[in-house]
Amino acid sequence: MLILPSMKNGLRIAFLVLIVSGCATQKTTENAIENTVSLDTISISASYKTPYQPTETHFLDLLHTKLEVSFNWEKQYLNGRAELLFIPWFYPTNKLILDAKGFDIHVIALQNKEGVKELEYDYDGLEIAIELDKEYTRKDTFKLYIEYTAKPNELKHGGSEAITSDKGLYFIDPLNEDPEKPSQIWTQGETESSSCWFPTIDIPSEKMTQEISITVRDKYLTLSNGELIYQTENGDGTRTDVWAMKKPHAPYLAMMAIGEFSVIEDSWRDSIAVNYYVEKEYKPYAMEIFGKTPEMLECFSTVLGVNYPWVKYHQIVVRDYVSGAMENTSAVIHGGFVQQTAREMIDEDSEDIISHELFHHWFGDLVTCESWSNLPLNESFATYGEYIWREHKYNRETADYHLQEMLKDYIYESESSQEDMIRYYFDDKEEMFDSHSYAKGGRILHMLRKEVGEDAFYASLQHYLIKHAYQTVEIHDLRIAFEEITGRDLNWFFNQWFLSSGHPDLLITYKYVDSTKTQKIVVEQKQTREETPVYRLSLQVDLYVSGKIQRESILITERYNEFSFTVSQQPDLVNVDAEKMLLCVKNDKKSIREWAFQYQNAPLYFDRYEAIETLGKVARKDSLAAATVLSALDDSFWRIRELAINNIETLIPSHESQIKTKLITIASSDKNTSVRAKAIGLLVDEFKGEDLKELFINGTKDSSYYVLEESLIALTELDNSLGLEHCKQFENEKHDGVLETICYIYSSYGDDSHNAFFVSSAGQIKGYTRISYINDYEYYLAGERSLEVVNQGVDIIKGIGIDGGNKYVSMFAKQALENIENEYKKRQHDLNKKLSKSSETASELEIQNMRKEQEQLKQTISNISKAYDEVVNSLK
């Protein structure tokens, strides 16, 4: 499962984003510059006020599921027949409990040699308690037949930030009423929603084989797990496709998708089908979107020493998906955002998402976490799979940048919550889908790789996968696999990183003693939370002496740790954690000279990033820091160039001409579109002038949407009327970022005439971009607008709030309506005061007009209030 991806650079979303880089951010002192992140009050769960969540007890084992399904598109029902093959787990039993959410149960019967025998059962709408005909032992198998109707839209819906709905089965535009949407059916099983469309034992520790017969209209294609074994034309305009999954997997990985798709056929090693299902208009771009998949299959199969274990690998893109993507075994579902044109892919693509879901087919599908408490065994690995792919396909620098983004995600979350990675105490399993399970876990696996070494890391993973293939695991299984390969006791590593919360908070200081030619390093662990351990940290230290690098190893085990090294002269730099692998926050006290030397000489992306981020804070006061930051504008890696742009604002007074000239060059010709856009943004903020107009106009012609969006904003800020004129040229663009940018501009500079654009774009902007749209529309409506425009806008925001299909979008709609209502109540109050004061001095006509406006305002406020109430009710 991949959580919805980060918002694009062009989005102006009302989310607070904490920017934390490398292992730290910076502050300054008189004698040194410190890399630091402070830890404030943090909420924790280690007090275990939440309930213990054990692995589910197994009474029976579900061996095989055979389904026959058809659909009532009008009512959005699934008509199902299920044959389920069971065997008692160990103890004899004459009872069975199945998960089945929101069904109409028609028949439950036992199938055996004697025929079919109906069984007694109790059903509470969520579970079926079935009385078997006799007691069965672990040597007996028995088969149940269940005929049922699944009615997902009649379920009480839940969901989370990661998976916004849990009704399991989704009908998209089933009556073909929306010309902008295709009619589709698709499923989402994780966490425990497969039981919304077929009866099962809906827990991650169950494994089953399956066969699904799907009857649909002839025009629709189907996709499910395993292989398509045959198709039958039914003679009535329908067809039945039969998909068989012959290797066991967890029920939450079962899937089906139905709709009209273009299918692009690809393969791996000429024997594994690798197909891509997209909407017709994206067929020309499918190979550019998904075409690296065979190479990813080869990469992962090779590094893991375990070939891709399933019969095919297909990927399908669906509309209105409730998450980012899902690793359904051999048939991955992606959200609509993955469908991109060639132009959109200039700025960003979905490579990380594709590699994430593919890596799950080893970690999550082949070997599955036995409980949601152990979810990092699925998600941490899939997240680290993104790193492995980047490292293989591109270089370590590109991979390390991604590793840094993982750290940012986790550190941001850790400021408000620090949890054990393997959590047995939580209120809701959905809580496990957080930056701990994903980002922190990916970083921990990277540290484990550095701890045991490259060969041992991959040999251990191979052993783990082979030993537990088609089984479920807990965290100790991973530890034992590594111990069996390396011969080492790794309890200490797993205890401090997987079974404890928090992270190291390090203070690193240096002292050179010339008389003894000794370089001293002191590393202090400053973390103070009771639940955070004193860590054992094995690090590499590089000492740069006389043009050579002297590498030393240190082992940190105490709160206070001092190390001494004999050197020929004072080092130019002491680089602690030379591999930059440690998950931590740190105060790394180096001088400006040392940070500058690190930027120029240390080899890694992290080295340069830390140096520029730190020096940027003092560049205004120090010429060496300023020169180093300015030199980073020519760095070989785009993210460092972008960071340098972020840090040169304070240098503009002293380097105005140099910086302006350089930014114009970057905005015109940098190879990276994000860097070009960043340069345009700083130019308009700091160097407003007519000489920039042509640059910004040219930017609106750029092939990059990032550059186009930033150029439209810059041009409008420089020349309002010219910017608005250029915006009009792009009102028909089918790109969320461009549409949202125009909304942003119109919200600040538009008049009543621009409301038509807000109205027309309401149905075009999708997903989380609608939050930006709502915020922009709110700001626009709070301006000097006619009440007719306000009422129209309120109706649109209400519609998005009710029908947006996402509770977070609805919450923003609710808040926007409340803010608009408060704004117009204030105006009503001001008008009432004005009317009261003017009763003796104003003419009768003026008073009549004010009273008319007062009545109109009252009606508008009433409309806003009603709209607000309707959205609130839709959220219940």
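Observations on the model:
- The C-beta contact set for region 207-223 (first residue farther than 30 Å from residue 56 by Cα, second residue in a loop (DSSP other than H, G, I, E, B), distance under 8 angstrom, 6+ apart or interchain) comprises 215/234; 217/237; 218/237; 219/260; 220/260; 221/260; 221/261; 223/255.
- Subset of region 407-425 [of a type outside the set (D, E, K, R) and in contact with a Phe, Trp or Tyr (Cβ under 8 Å, 6 or more places away or on another chain)]: 421, 422, 424, 425
- Checking every residue in region 618-641 against the condition of being hydroxyl-bearing (Ser, Thr, Tyr), more than 27 Å from residue 503 (Cβ to Cβ) and open to solvent by less than 10 Å² (accessible area, probe 1.4 Å) gives at least one match.
- Given (1) open to solvent by 10 Å² or more (accessible area, probe 1.4 Å); (2) in contact with a Pro (Cβ under 9 Å, 6 or more places away or on another chain); (3) more than 30 Å from residue 760 (Cβ to Cβ); (4) hydroxyl-bearing (Ser, Thr, Tyr), index of the condition residue 148 fails: (1)
- Single residue of region 498-539 satisfying the filter (assigned to a helix (DSSP H, G or I) and not charged (D, E, K, R)) that is least open to solvent (accessible area, probe 1.4 Å): 516
- Residue check: residue 757 meets all listed conditions (1) over 29 Å from residue 691 (Cα atoms); (2) part of a helix (DSSP H, G or I); (3) open to solvent by 10 Å² or more (accessible area, probe 1.4 Å); (4) free of Cβ contacts under 8 Å to residues at least 60 places away in the same chain but one, namely (3).
- Out of 837, 814, 866, 825, sole residue that is closer than 30 Å to residue 324 by Cα and either among the basic types (Lys, Arg) or touching a Cys at 6+ places or on another chain (Cβ under 6 Å) (or both): 814
- Residue count for region 274-303 under the criterion of being out of contact with any His (no Cβ under 6 Å at 6 or more places or on another chain), part of a strand (DSSP E or B) and either open to solvent by less than 10 Å² (accessible area, probe 1.4 Å) or not hydroxyl-bearing (Ser, Thr, Tyr) (or both): the result is 3.
- Condition check for residue 764 on (1) part of a helix (DSSP H, G or I); (2) within 30 Å of residue 802 (Cβ to Cβ); (3) polar (S, T, N, Q): one failure, at (1).
- Identity of the residue in region 760-802, open to solvent by less than 10 Å² (accessible area, probe 1.4 Å) and among the aliphatic types (A, V, I, L, M), that ends up modelled with the lowest pLDDT: 765
- Candidate set from region 690-708 (those that are open to solvent by 20 Å² or more (accessible area, probe 1.4 Å) and over 19 Å from residue 739 (Cβ atoms)); member that is modelled with the lowest pLDDT: 690
- From the list 427, 489, 420, the one residue that fits, being part of a loop (DSSP other than H, G, I, E, B), open to solvent by 40 Å² or more (accessible area, probe 1.4 Å) and within 19 Å of residue 55 (Cβ to Cβ), is 427.
- Helices (runs of 4 or more DSSP H) enclosed by region 319-415 - at least 3 residues per element that are of a type in the set (S, T, N, Q): 376-393, 396-414
- Qualifying residue in region 813-829 (condition: hydroxyl-bearing (Ser, Thr, Tyr), closer than 18 Å to residue 786 by Cβ and either out of contact with any His (no Cβ under 8 Å at 6 or more places or on another chain) or not in a helix (DSSP H, G or I) (or both)): yes
- When residues of region 191-219 are limited to those that are farther than 24 Å from residue 83 by Cβ and in contact with a strand residue (DSSP E or B) (Cβ under 7 Å, 6 or more places away or on another chain), the one surrounded by the fewest Cβ atoms within 10 Å (Cβ to Cβ): 218
Okay, residues lined up against (1) in a loop (DSSP other than H, G, I, E, B); (2) among the acidic types (Asp, Glu); (3) touching a helix residue (DSSP H, G or I) at 6+ places or on another chain (Cβ under 7 Å):
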residue	(1), (2), (3)
565	no, no, no
571	yes, no, no
613	no, yes, yes
620	yes, no, yes
631	no, no, no
645	no, no, yes
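- Test: residue in region 599-615 that is within 15 Å of residue 670 (Cβ to Cβ), open to solvent by 70 Å² or more (accessible area, probe 1.4 Å), in contact (Cβ under 8 Å) with a residue 12 or more places away in the chain and of a type in the set (S, T, N, Q): no
- Checking each residue in region 324-359 for being of a type in the set (S, T, N, Q) and either within 15 Å of residue 297 (Cβ to Cβ) or modelled with pLDDT under 95 (or both) picks out 329, 330, 355.
- Strands (runs of 3 or more DSSP E) (entirely within region 86-143) containing at least 1 residues that are within 18 Å of residue 194 (Cβ to Cβ) and at pLDDT 95 or above: 93-99, 103-112, 121-123, 127-136
- None of 124, 104, 166 is touching a strand residue (DSSP E or B) at 6+ places or on another chain (Cβ under 9 Å) and acidic (Asp, Glu) except 104.
- Residues within region 862-876 that are among the acidic types (Asp, Glu) and over 34 Å from the mean Cα position of the chain (by Cα), tallied: 0
- Contact map, region 666-687: first residue in contact (Cβ under 8 Å) with a residue 60 or more places away in the chain, second residue among the aromatic types (Phe, Trp, Tyr) and open to solvent by less than 30 Å² (accessible area, probe 1.4 Å), Cβ cut-off under 7 Å, separation 6 or more or different chains; pairs are 673/706; 674/706; 677/706.
- Within region 304-338, the set of residues being among the polar types (S, T, N, Q) and surrounded by fewer than 20 Cβ atoms within 10 Å (Cβ to Cβ) comprises 307 only.
- In region 444-486, of all residues being β-branched (Val, Ile, Thr) and not in a helix (DSSP H, G or I), the one that is least open to solvent (accessible area, probe 1.4 Å) corresponds to 473.
- Considering residues of region 103-132 that are open to solvent by less than 20 Å² (accessible area, probe 1.4 Å) and within 42 Å of the chain's Cα centre (by Cα) only, the residue farthest from residue 191 (Cα to Cα): 108
- Meets criteria (closer than 19 Å to residue 715 by Cα, open to solvent by 10 Å² or more (accessible area, probe 1.4 Å) and of a type outside the set (A, V, I, L, M, F, W, C)) for residue 751: yes
- Cross-chain or 6+ apart pairs with Cβ under 7 Å, region 580-593 first and more than 24 Å from residue 620 (Cα to Cα) and touching a residue at least 24 places away in the same chain (Cβ under 8 Å), then of a type in the set (Val, Ile, Thr) and open to solvent by less than 10 Å² (accessible area, probe 1.4 Å): 583/444; 585/411
The values are calculated or read from the model by the stated rules, or taken from the named source; none is laboratory data. Small disclaimer: the values here were computed from a predicted structure and weren't measured. Virtual Cβ from ideal backbone geometry, glycine too; neighbours counted across all protein chains shown. The accessibility values were calculated without ligands, DNA or RNA, using every heavy atom of the protein model including side chains. Shrake-Rupley method; radii C 1.70, N 1.55, O 1.52, S 1.80 Å.
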